[in-house]
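The values are calculated or read from the model by the stated rules, or taken from the named source; none is laboratory data. Everything numeric here is computed off the predicted structure, so don't read it as measured data. Cβ coordinates were reconstructed from backbone atoms using ideal geometry, including for glycine residues, and neighbour counts include every protein chain displayed. What goes into the accessible areas is simple: the full protein's heavy atoms, side chains included, and nothing from ligands, DNA or RNA. Shrake-Rupley method; radii C 1.70, N 1.55, O 1.52, S 1.80 Å.
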Amino acid sequence: MQLFSKDRMWRHHDLKPSYDVVIVGGGVHGLATAYYLAKQHNIRKVAVLEKSYLGAGASGRNTAILRSNYRTPEGIPFYDASLKLYEQISEELGWNVLFSQCGHLTLGHSDSSVAGLRVRSENNQLLGVNSRMIGFEEVGKLVPTINISREARYPILAALYHPPGGIIRHDAVVWGYARACDRMGVEIHPFTEVTGIDVENSKVRHVVTCKRRIATGAVLNATAGWATTISRMAGVPLPIVTHPLQACVTEPLKPFLNVVIVSATLHVYLSQTDKGELVVGAEIDPYQSYSMRSTLPTLEQMATYTLELFPWLHGVRVLRQWAGICDMTPDFAPIMGAASEVSNFYMDVGWGTYGFKAGPISGKCMAELIATHTPPSLIEPFSATRFETGRLIGEKAAAAVSH
Amino acid sequence: MSFLVPCPNCGRRSVYEFRFGGEVRQVPSLEATQAEWQNYRFNRTNAAGIQTEWWFHYFGCRQWLQAVRNTVSNEVLHAYLPGEKH
Ligand SMILES: Cc1cc2nc3c(=O)[nH]c(=O)nc-3n(C[C@H](O)[C@H](O)[C@H](O)COP(=O)(O)OP(=O)(O)OC[C@H]3O[C@@H](n4cnc5c(N)ncnc54)[C@H](O)[C@@H]3O)c2cc1C
Ligand SMILES: [Zn+2]
């Protein structure tokens, strides 16, 4: 019996002179789009170009929280469709992505935050998403070790409970899509940086890389935190600023937490992995930056707020801390669509601190848009033209901090 | 990475004493078109490299400063009061 498979996850290729579609960015969004282009539209002359290793961006650095309890009528069905795809993806890819639907709790510590959660629970229920308000006593039953004391600095008043939310193995998702793409003939090119984009008569003709220049029929920008740098090469302005986001992981502990906890008031969110480590995330660094180095003040903040919720964790050691970069939009909603300035330049950007959960449905919808030139109705509201028409999609209350 | 901002009033101080105020940009003229105003309202340069920014020294002299910073390394090359020669 062969214990370890000798199969390669994806093969090496030399870059060809031309492709039908070039995808910039080897994270979950770029790879999911390539997967659906090949699988659903039989477009296989596709190259995914990644300047580093696959998952080097936010897709390999996130806290892997999946949920669909958003706030707006545009966001809720979109993220819910993604969650449903994630429920099937292990089976579909033949590759275990360790999706654990352990449930998700967003804590409210003030009247205004509880009012915001209530709006979400009503909107969620109207649109068929399993989501409801619970009191602090029920929070204490779901998480017996949490501090529900009325004497806490910010006592927990109530919570939005979203049972289908949970945690996934982010690397497995990236690798699973890349492997499936490779099996269908899509080329995966790690360590291939895009350095320029040639536009003629409002169309992209070539993509310049560190290896060679390639001709292409269409380009997808799926570079998240780096989105502006690629967009600028095509001459397309973006309403995006890049901010770092940090997280940390503790030493493994006995299982004590089997639900994801998020608190916007305390600027913190946490979950316990199958190995027992506590994964803790912070809010974005308070200044624009492309730096992926973590900082001591943020570690202190994560520790302080975790201890507000679980004071007995005070002696626990931190194993690692890291940062990724996030492409923040003015309304905390993504930008998906073709650029109005350059018709075959497609954008799947603005994923901020919340885009991992959207990978599968964005990939599916972007592939349909590239193949048919018509945006599926699920992503139509997320076009960049909303900044001209003023139809912004206010997801800040449901997307900031609570990734 | 955390870094220091060289405040012209207070000297080199932790970035956590300051509030970030975004990119320094040119306000459109009153005759500007709707498209120019939209561009000003939403679009950003978001440079991966050198950029000039607003910073408010919240826990210091409480003055708005402009700083030239490398957004990849976070090194602040210099900071000055708005309108001052640099
Ligand atoms: C700490 C942290 C926690 C988060 N937590 C969550 C969470 O719990 N739930 C959630 O849903 N989301 C979360 N997010 C957000 C989520 O991770 C991202 O929105 C998502 O992974 C973006 O995926 P992507 O494929 O668009 O981009 P990325 O995964 O960032 O991939 C973009 C890729 O483009 C590559 N690239 C850049 N420039 C070039 C170039 N010139 N040429 C070629 N390639 C290039 C980069 O190297 C990178 O690999 C979190 C993010 C961070 C940083
Ligand atoms: Zn000062």
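Among (1) of a type in the set (D, E, K, R); (2) open to solvent by 40 Å² or more (accessible area, probe 1.4 Å); (3) away from ligand 2 (no atom under 16 Å from the Cβ); (4) modelled with pLDDT of 95 or more, there is one condition B:LYS85 misses while meeting the rest; what is its number?
Condition not satisfied by B:LYS85: (4).
Can you run down the residue pairs with Cβ atoms below 9 Å, 6 or more apart or on separate chains, where the first is in region B:20-35 and away from chain A (no Cβ under 12 Å) and the partner is loosely packed, with under 10 Cβ neighbours inside 10 Å?
none
With the requirement that a residue be more than 10 Å from ligand 1 (Cβ to nearest atom) and more than 29 Å from A:ALA371 (Cβ to Cβ), what does region A:322-358 give you?
Pass one, region A:322-358, residues more than 10 Å from ligand 1 (Cβ to nearest atom): A:328-333, A:335-347.
Passing the criteria: A:MET328, A:PRO330.
Do we have A:PHE256 as within 14 Å of ligand 1 (Cβ to nearest atom), more than 14 Å from every other protein chain (Cβ to nearest Cβ), assigned to a loop (DSSP other than H, G, I, E, B) and of a type in the set (A, V, I, L, M, F, W, C) here?
Working: within 14 Å of ligand 1 (Cβ to nearest atom): no; more than 14 Å from every other protein chain (Cβ to nearest Cβ): yes; assigned to a loop (DSSP other than H, G, I, E, B): yes; of a type in the set (A, V, I, L, M, F, W, C): yes.
Taking the combined requirement at face value, the residue does not satisfy it.
Being under 30 Å from A:ARG320 (Cα atoms) and crowded, with 20+ Cβ neighbours inside 10 Å: is that true of A:LEU37 here? Even if it seems obvious, please write down each step before you answer.
Values: under 30 Å from A:ARG320 (Cα atoms): no; crowded, with 20+ Cβ neighbours inside 10 Å: yes.
No; evaluated as a whole, the condition is false for this residue.
Run down A:GLY225, A:GLY217 and say which single residue is away from chain B (no Cβ under 13 Å) and either part of a strand (DSSP E or B) or surrounded by 22 or more Cβ atoms within 10 Å (Cβ to Cβ) (or both). Walk me through it before giving the result.
Details: A:GLY225 fails: away from chain B (no Cβ under 13 Å).
Exactly one of A:GLY225, A:GLY217 is away from chain B (no Cβ under 13 Å) and either part of a strand (DSSP E or B) or surrounded by 22 or more Cβ atoms within 10 Å (Cβ to Cβ) (or both), namely A:GLY217.
Across region B:15-54, what is the total count of residues that are within 17 Å of B:SER73 (Cβ to Cβ) and within 16 Å of ligand 2 (Cβ to nearest atom)?
Going through region B:15-54 one residue at a time, the tally reaches 3.
Per-residue answers, yes or no, for (1) away from every other protein chain (no Cβ under 14 Å); (2) assigned to a helix (DSSP H, G or I); (3) within 16 Å of ligand 2 (Cβ to nearest atom); (4) open to solvent by 40 Å² or more (accessible area, probe 1.4 Å):
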{"site": "A:GLU341", "(1), (2), (3), (4)": "no, no, no, yes"}
{"site": "A:MET347", "(1), (2), (3), (4)": "no, no, no, no"}
{"site": "A:GLY359", "(1), (2), (3), (4)": "yes, yes, no, no"}
{"site": "A:SER362", "(1), (2), (3), (4)": "yes, yes, no, no"}
{"site": "A:GLU368", "(1), (2), (3), (4)": "yes, yes, no, yes"}
{"site": "A:PRO375", "(1), (2), (3), (4)": "yes, no, no, yes"}
{"site": "A:LEU392", "(1), (2), (3), (4)": "no, no, no, yes"}
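If I filter region A:41-60 for residues that are buried (at least 18 other Cβ atoms within 10 Å of the Cβ) and polar (S, T, N, Q), do I get at least one hit?
Scanning region A:41-60, I find at least one residue that is buried (at least 18 other Cβ atoms within 10 Å of the Cβ) and polar (S, T, N, Q), so the answer is yes.
Inspect region B:21-31 for any residue being on the phi < 0 side of the Ramachandran plot, in contact with a Leu (Cβ under 7 Å, 6 or more places away or on another chain) and exposed (fewer than 15 other Cβ atoms within 10 Å of the Cβ) and give the result as yes or no.
At the first step, the residues of region B:21-31 found to be on the phi < 0 side of the Ramachandran plot are B:21, B:23-31.
In the following step, the residues that additionally are in contact with a Leu (Cβ under 7 Å, 6 or more places away or on another chain) were identified as none.
Within region B:21-31, none of the residues are on the phi < 0 side of the Ramachandran plot, in contact with a Leu (Cβ under 7 Å, 6 or more places away or on another chain) and exposed (fewer than 15 other Cβ atoms within 10 Å of the Cβ).
Before we move on, is A:GLY363 of a type in the set (Gly, Ala, Ser), touching a strand residue (DSSP E or B) at 6+ places or on another chain (Cβ under 7 Å) and assigned by TED's automatic domain parsing to the domain that holds A:ALA234? Can you show your working first?
Working: of a type in the set (Gly, Ala, Ser): yes; touching a strand residue (DSSP E or B) at 6+ places or on another chain (Cβ under 7 Å): no; assigned by TED's automatic domain parsing to the domain that holds A:ALA234: yes.
Judged against the criteria, A:GLY363 is not a match.
Give region A:280-307 a look and list any residue that's open to solvent by 50 Å² or more (accessible area, probe 1.4 Å) and either facing chain B (nearest Cβ under 9 Å) or assigned to a loop (DSSP other than H, G, I, E, B) (or both), or say none.
Within region A:280-307, A:PRO286, A:MET292, A:ARG293, A:LEU296 qualify.
Might you check whether a residue that is of a type outside the set (Lys, Arg), in contact with a strand residue (DSSP E or B) (Cβ under 7 Å, 6 or more places away or on another chain) and not assigned by TED's automatic domain parsing to the domain that holds A:ALA152 occurs anywhere in region A:70-82?
Step one: filter region A:70-82 for residues of a type outside the set (Lys, Arg), giving A:70, A:72-82.
Next, from what is left, pick out any that are in contact with a strand residue (DSSP E or B) (Cβ under 7 Å, 6 or more places away or on another chain): none.
No.
Here is a yes/no grid of residues against (1) within 19 Å of A:LYS84 (Cβ to Cβ); (2) within 16 Å of ligand 1 (Cβ to nearest atom); (3) in contact with a Ser or Thr (Cβ under 7 Å, 6 or more places away or on another chain); (4) of a type in the set (Val, Ile, Thr):
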site: A:HIS162; (1), (2), (3), (4): yes, yes, yes, no
site: A:TRP175; (1), (2), (3), (4): no, yes, no, no
site: A:ALA180; (1), (2), (3), (4): yes, yes, no, no
site: A:GLU193; (1), (2), (3), (4): no, yes, yes, no
site: A:ILE197; (1), (2), (3), (4): no, yes, no, yes
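When the residues of region A:61-79 are filtered to those that are away from ligand 1 (no atom under 12 Å from the Cβ) and crowded, with 21+ Cβ neighbours inside 10 Å, which remaining residue is nearest to A:GLY26 (Cα to Cα)? Lay out the reasoning, then the answer.
Step one: list which residues in region A:61-79 are away from ligand 1 (no atom under 12 Å from the Cβ), which gives A:69, A:71-78.
Those still in the list that are crowded, with 21+ Cβ neighbours inside 10 Å too: A:69, A:71-72, A:75-76, A:78.
Values: A:ASN69: 27, A:ARG71: 29, A:THR72: 29, A:GLY75: 24, A:ILE76: 26, A:PHE78: 22 Å.
My answer is A:PHE78.
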